[in-house]
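Input: a single structure, listed below in structure tokens.
The values are calculated or read from the model by the stated rules, or taken from the named source; none is laboratory data. Please read all numbers here as calculations on a predicted model, not as lab measurements. With ideal geometry, Cβ positions are generated from the backbone for all residues, glycine too; neighbour counts draw on all protein chains shown.
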Amino acid sequence: MTAESCREWRGDLAAAAGGAVAAIVGNCWPVFLRFRGGKGVATGLGAFLALIPWAVGPAAVLWIAVTAVSRYVSMASVVACLSVPVGALLLGYPRHSVIAAAVAALIIVWRHRQNIARLASGTERRLGERTPLA
């Protein structure tokens, strides 16, 4: 691979990193649903699995472990998304990929702020727990 082709490939990776963040933003605040969307976790998983797979793999295992032990999906999602930029940095992925993963993690944590408050107050529902009848 020549130096020129590496520069071209790196430019495409920077655009892909921006596209990953844009996809998460679009999932969280979709225009056609009056800006009421998801929390970006599954979209982030797909986007970053393509972009930085070796950083996402351990995060997915971490998500499974935290969910299995605590049965709190929201806690597992927050912990896993925060581990992706750390893993990307430690594994030597390009700076723009690490920054995109960090921005995505901030968005996902922000979208989970109500879940975090419920976790802190002890009122967050666990996986498999039924909603109490009113």
Pairs with Cβ under 6 Å, 6+ apart, first in region 56-67 and within 19 Å of Val98 (Cα to Cα), second part of a helix (DSSP H, G or I) and of a type in the set (S, T, N, Q):
Ala59/Ser83; Leu62/Ser83
Complete set of residues in region 19-47 that are under 15 Å from His112 (Cβ atoms) and at pLDDT 90 or above
Ile24, Asn27, Cys28, Trp29, Lys39, Gly40, Val41, Ala42, Thr43, Gly44, Leu45
Taking region 89-134 and the residues there that are among the small types (Gly, Ala, Ser) and free of Cβ contacts under 8 Å to residues at least 12 places away in the same chain, the one that is nearest to Ala23 (Cα to Cα) would be Gly92
Have a look at Ala117, Ala50, Ala59 and point out the one that is at pLDDT 95 or above and closer than 25 Å to Leu13 by Cβ.
Ala59
Within the bounds of region 36-48, is there any residue that is farther than 27 Å from Leu127 by Cα and not charged (D, E, K, R)?
no
From the list Thr67, Thr2, exactly one residue is at pLDDT below 90, among the polar types (S, T, N, Q) and over 13 Å from the mean Cα position of the chain (by Cα). Which is it?
Thr2
